[in-house]
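One structure is given below, encoded as structure tokens.
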Amino acid sequence: MTSAVVSPRVRSGEWFMLYALSIMAALVFSAALVEATGGDWHPVVNALLDGSLRRPGRWGETLGTAAPMLLVATGTIISSKAGLINIGQEGQLFVGAAFATYFGFLLGGPGPLNVILILVFGSIGGALWAGVAAGLKFWRNVPEVLSTLLLVTVAGQLVAYGLSKPWLLLAPLADRGNRNQVSVQLAEDNRLPRPEIFGNEIPLAVVLGIVLAIVVSFALSRTVWGFKLRMLGRNPRAAQRSGVAQTRYGASALMLSGAFAGLAGAAMLAGGGFAFGNYQLVPGFSTSIGWTGLLVALVAREKALVAIPVAFVFAGLRTGSSFVGATGVEGRITDVIQGFLVLALLVPPALMFLRDRRRARAAATERV
């Protein structure tokens, strides 16, 4: 049977079976790993569910953790559609949070206005930091996969320098207590609201992330801008011949990706809680959210709407890991489980690609 005569129903069945088998294999390997480390997988699963969903307030925390992951993933999808590999989201998020902190306190203003300023300047910071990589890419031909990665280290050093200077980010001595490098804490009226629903506090960053994912999904699939961006990603030469400016669209896509990462950092700052620095900038503020958001985009296969549930799953593993330690198993085991799940969700596309190529070759042979 060649790929030309494979019905959509059969192909959908193949995808479903591959994903089901891959996820089942990942869960079996995870359970075996837990058993091999001296634990019991039943309590570990219960702990993950309790920590992420079942205990009071936990699914609200999971949603709050998923929000910045989703924002980072959405931005990553934009740059990926343009054929650009941005892996510097961790640094862009950190710089965005630093911009949000500095300009939020510098400009001030009424509470709601200041929250908007924090989010806007966070986006600007992330966009400018990604813009450095865009400039190196399109004016000096430096691969963005290299420059964005190296800029993560530079970002960490720059923000650390800012947190060492009172005229930049460092809080006055009276506001620091026993901590050496922290910014001033946001006032209560300068924070994102966190309405309580069924005993769970949910920051509005969750709504922001979902709305932006829907908007980006629509823009990429239903607008001329999205069409040109996808054309650039699939065939840059054909796109240029059709009038798509590679520098303009490529640089804007990379900067938009950074803007989403910076917005995630600002949302973490203004949203507070969820182990994100308690409304102030601190060393290690990003807590690997940028890297995890990149994985979310990878697993979602560059589909913004799919990234919504994927971000929730990754956030559940993160929030549930705090309960795993009570079972006698190292909480970091969830990172390995996460790795297994990533591999499980990447295997089916690779197998389908090989199968399609084999079917295409068989069809060519039949025609000969």
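Data table
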read-out: Pair list, Cβ < 8 Å and 6+ apart or interchain, from the range 145-164 residues that are closer than 13 Å to Leu281 by Cα and without any contact (Cβ under 8 Å) to a residue 40 or more places away in the chain to residues that are not hydroxyl-bearing (Ser, Thr, Tyr) and not in a helix (DSSP H, G or I); value: Tyr161/Leu168; Ser164/Leu170; Ser164/Gln181
read-out: Scan of the range 54-63 for residues that are over 21 Å from Val342 (Cα atoms) and assigned to a helix (DSSP H, G or I), ordered by number; value: Arg54, Arg58, Trp59, Gly60, Glu61
read-out: Entirely in the range 187-300, the helices (runs of 4 or more DSSP H) that have 2 or more residues that are touching a Cys at 6+ places or on another chain (Cβ under 7 Å); value: none
read-out: Condition met for Val329 (in a loop (DSSP other than H, G, I, E, B) and touching a helix residue (DSSP H, G or I) at 6+ places or on another chain (Cβ under 9 Å)); value: yes
read-out: Cβ pairs under 6 Å, 6+ apart, first in the range 228-255 and charged (D, E, K, R), second outside any helix (DSSP H, G or I); value: Lys228/Val244
read-out: Test result for Val216, touching a helix residue (DSSP H, G or I) at 6+ places or on another chain (Cβ under 6 Å), more than 26 Å from Pro349 (Cα to Cα) and touching a residue at least 24 places away in the same chain (Cβ under 8 Å); value: no
read-out: Residues satisfying the stated conditions in the range 8-53, i.e. crowded, with 17+ Cβ neighbours inside 10 Å and assigned to a loop (DSSP other than H, G, I, E, B); value: Gly39
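Just so you know, all these numbers are worked out from the coordinates, no wet-lab data involved. Predicted model only: the values in this text are computed from it and were never measured. Quick reminder, even Gly has a Cβ in these numbers, built from the backbone with ideal geometry, and neighbours come from all protein chains shown.
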